[in-house]
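Notes for the one structure printed next.
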Amino acid sequence: MKKFHNRTELSYHIDAIKAKGKSIGFVPTMGALHNGHLSLVNKGLSQNDIVVVSIFVNPTQFNNQEDLVKYPRTLDADVSLLKTVSDTTIIVYAPLVEDIYGGNIKSQSFNFDGLEREMEGAFRDGHFDGVGTIVKRLLEIVKPDYAYFGEKDFQQLQIIIKLVELHHIPVKIIGCAIYRAEDGLAMSSRNEILTQEHRDAVPFIYKTLKTAKVKFGTKSAQSVTEWVEKQFKQQPLLELEYFSIADTKTLKPVKRKSTKKTYRAFVAVYAGDIRLIDNIALN
Ligand code: PAF
């Protein structure tokens, strides 16, 4: 498997592939790869000749230094896992911070038409500036035909679609369904660092989202929200940070339901000091 740490060397290699008329898919990750990432890689391989997987824990998208330090870094295991998918058609780009940021570890400031201020944006100051900065840089380095993002980070996906549109980046963004463990927990690299006690408690998150979806069929957004908040209060191991029923396009909280709009429920939960997010389509 080809592995690059340097963007100039990666660019040469990609240019040579493109010169042969081959298409490039791209799966950006922060490593600690799991089956959710592999589902994105497999989707990429089904639509492209080559898939580039970047593995980079991006410092500028962490609003909390402790979270950045704790984030799992497992490059060798990640490469071995990718080899089980393909040794020849996957390229790994695992840069050091300097290769991306030089000596200036700072975010660019973006306006994503207000998408960045809702939910994660409200609770994680500067997070989407960091995501926008890294994704824009990686897209400029890799120059893929298609790039793949999971719907677990649904707000991130909408913001990246907006980023590409606003900055005229020539790539097609593909959103991929959330990959879940058998007990319903959305796959996340952070799941690996849950204690066993918290891992046993967290399937409650998706179970509650599924019931909220059923309730939303007949009840108002406010009454569903109150019901969800009450359920979490009864869970000593989980702390609800937010639950929001929002318009899928604007990500603004729904005030009055309309049959012409689509909605999603979004949740952020602390299991001990590990923060997890999830969401579900409601209609
Ligand atoms: O979703 C992630 O893992 C990250 O936010 C991304 C898109 C790789 C940017 O660092």
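The table for this structure:
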{"quantity": "Criterion (under 19 Å from the mean Cα position of the chain (by Cα) and among the charged types (D, E, K, R)) met by exactly one of 152, 215, 210", "calculated": "152"}
{"quantity": "When residues of region 166-180 are limited to those that are of a type in the set (Val, Ile, Thr) and assigned to a loop (DSSP other than H, G, I, E, B), the one surrounded by the most Cβ atoms within 10 Å (Cβ to Cβ)", "calculated": "178"}
{"quantity": "Any hit, region 188-195, residues being buried (at least 20 other Cβ atoms within 10 Å of the Cβ) and part of a loop (DSSP other than H, G, I, E, B)", "calculated": "yes"}
{"quantity": "So residue 250, is it of a type outside the set (Lys, Arg) and not in a helix (DSSP H, G or I)", "calculated": "yes"}
{"quantity": "Single condition residue 161 does not satisfy, out of (1) within 16 Å of the ligand (Cβ to nearest atom); (2) touching a Ser or Thr at 6+ places or on another chain (Cβ under 9 Å)", "calculated": "(2)"}
{"quantity": "Residue among 264, 256 that is within 18 Å of the chain's Cα centre (by Cα) and basic (Lys, Arg)", "calculated": "264"}
{"quantity": "Output for region 113-155, where each listed residue is more than 14 Å from the ligand (Cβ to nearest atom) and either in a loop (DSSP other than H, G, I, E, B) or surrounded by 18 or more Cβ atoms within 10 Å (Cβ to Cβ) (or both)", "calculated": "113, 114, 115, 118, 119, 125, 143, 145, 146"}
{"quantity": "Breaking point among (1) in contact (Cβ under 8 Å) with a residue 60 or more places away in the chain; (2) within 21 Å of residue 25 (Cβ to Cβ); (3) surrounded by 14 or more Cβ atoms within 10 Å (Cβ to Cβ), for residue 78", "calculated": "(1)"}
{"quantity": "Residue satisfying all of: in region 33-55; out of contact with any strand residue (DSSP E or B) (no Cβ under 8 Å at 6 or more places or on another chain) and within 15 Å of the ligand (Cβ to nearest atom); nearest to residue 126 (Cα to Cα) among these", "calculated": "34"}
{"quantity": "Residue check, residue 61 closer than 25 Å to residue 175 by Cβ, away from the ligand (no atom under 15 Å from the Cβ) and in contact with a Phe, Trp or Tyr (Cβ under 9 Å, 6 or more places away or on another chain)", "calculated": "no"}
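Laboratory data are not the source of any read-out in this text; all were calculated from the coordinates shown. As the structure is a prediction and not an experimental result, all values here were calculated from the model. So basically every Cβ, Gly included, is an ideal-geometry build from the backbone, and we count neighbours across all protein chains shown.
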